[in-house]
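Trainee: Below is one structure. I have some questions about it.
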Amino acid sequence: MKWLTAVMAGALFFAACGKAADPVPPRPSPTPTIAANVTAGTRTVTDMIGRPVRLTEEVRTVAAMSPAAAEFAAELGLEILGRTTDTAETIAPGAKVTGSSLTPDFTAIAGLEPDLVIADAAFHSGRTRDFEKFPYPVFVIKAATYGEVLATLVALGEATGRTAEAERVRSAIEARAAAVTLRARAQAGEPPKVLVVTGGGRDVFGGGSTTYAGSLLEKLGAVNVLGAVPEGGPIPGFGVIEIAQAANTNPDVVLVLPSGQGGLAEQIRAEPAWAGTPAVRDGRVHELDVSLYLRAPGPRVAEALEELYGLLWPG
């Protein structure tokens, strides 16, 4: 039961980062044991966690079980029938709310009769057995790094018959990423040393090289001062740190992923141990968009890289 407690704690923290608590959906179904008259698909594809998924020849409509799932679907031109409470309505206008990423309402999803349900390994990796019982096919995406974003685009494009759209989006991302990476690598001097943090108060967590933000820093050639951190935080790739001691890493830049607690950036600026660090001395403690860098890694990855470049090499 310890692992289950840890997973739930992590998911709750992940869901709370950067926003108020989601409204509780009305009586969500705890498991997707729902009867429906659905014709089995005639072709089989493999999702991003290695599961075989049977699909019909045409996939037109989807239910997106996370913000990232909705963004991938929108980029591929799929019709999004269902979205989560933590997905911006602008991503899926007119879509019905079907619970949150953490507590999906499977009854509501089934009521939409989608051609495909898009789940997210960041939230739903523990539900794979339940997905096998669900009458509608579920494709699980996994986009925790720059490379996985591109791989997910290709795989989901092939699964939904939108290979041309996927190739168009992938090529555009790669072109923008190549341009900003070239500018970053051309910068003179030592690469900036960066600390990525989230949480607040006594519960502060540092992001290592295996996080999404960490993968983007690596692509730009910046130095993550924590490297690979020991697991122990509520989000994969984040470990527990003591904020005063973290000043010893002496970073040039601190990137803060705001949590529901808030105030971490100001906590760092006000901590005496941080007064002499380059990040505080030069005013380079920055709050990031939690959706862009934590909650919804996906097709906006080029935008994330360009924003990071501006923060790491200003002027």
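Trainee: Take segment 88-104 and flag every residue that is surrounded by 24 or more Cβ atoms within 10 Å (Cβ to Cβ) and either touching a residue at least 40 places away in the same chain (Cβ under 8 Å) or not assigned by TED's automatic domain parsing to the domain that holds Arg60 (or both).
Mentor: Scanning segment 88-104 gives Thr98, Gly99, Ser101, Pro104.
Trainee: What strands (runs of 3 or more DSSP E) lie completely within segment 129-224 and have 1 or more residues being assigned by TED's automatic domain parsing to the domain that holds Glu287 and at positive phi? Walk me through it before giving the result.
Mentor: Details: elements: 138-141, 193-200, 203-207.
The strands (runs of 3 or more DSSP E) meeting that bar are 193-200.
Trainee: Looking at segment 158-181, which of the residues that are more than 23 Å from Thr44 (Cα to Cα) and of a type in the set (A, V, I, L, M, F, W, C) is surrounded by the fewest Cβ atoms within 10 Å (Cβ to Cβ)?
Mentor: Ala175
Trainee: Let me ask another. Out of all the residues in segment 162-182, is one or more closer than 17 Å to Tyr293 by Cα, of a type in the set (D, E, K, R) and free of Cβ contacts under 8 Å to residues at least 60 places away in the same chain?
Mentor: The answer is no; no qualifying residue exists.
Trainee: Can you pull out the residues in segment 303-315 that are modelled with pLDDT of 95 or more and surrounded by fewer than 20 Cβ atoms within 10 Å (Cβ to Cβ)?
Mentor: Once the filter is applied, which keeps residues that are modelled with pLDDT of 95 or more and surrounded by fewer than 20 Cβ atoms within 10 Å (Cβ to Cβ), segment 303-315 yields Glu303, Glu306, Glu307, Tyr309, Gly310, Leu311, Trp313.
Trainee: Oh, and also: Of the residues Val240, Val256, which is in contact with a strand residue (DSSP E or B) (Cβ under 8 Å, 6 or more places away or on another chain), in contact (Cβ under 8 Å) with a residue 40 or more places away in the chain and outside any loop (DSSP other than H, G, I, E, B)?
Mentor: Matching residue, one of Val240, Val256: Val256.
Trainee: Report yes if some residue within segment 260-280 is under 17 Å from the mean Cα position of the chain (by Cα) and not assigned by TED's automatic domain parsing to the domain that holds Ala121; otherwise report no.
Mentor: yes
Trainee: Answer yes if at least one residue in segment 216-229 is at pLDDT below 95 and of a type in the set (Gly, Ala, Ser), and no otherwise.
Mentor: Looking for residues that are at pLDDT below 95 and of a type in the set (Gly, Ala, Ser), one finds at least one in segment 216-229, hence yes.
Trainee: Tell me whether segment 116-128 contains one or more residues that are part of a loop (DSSP other than H, G, I, E, B) and either hydrophobic (A, V, I, L, M, F, W, C) or out of contact with any Ser or Thr (no Cβ under 7 Å at 6 or more places or on another chain) (or both).
Mentor: no
Trainee: Would you mind stating whether Leu76 is assigned by TED's automatic domain parsing to the domain that holds Val149 and touching an Asp or Glu at 6+ places or on another chain (Cβ under 9 Å)?
Mentor: It is true that Leu76 is assigned by TED's automatic domain parsing to the domain that holds Val149 and touching an Asp or Glu at 6+ places or on another chain (Cβ under 9 Å).
The values are calculated or read from the model by the stated rules, or taken from the named source; none is laboratory data. These figures come from a predicted structure and were not determined experimentally. Cβ sites come from the backbone with ideal geometry, for glycine too, and all protein chains shown count toward neighbours.
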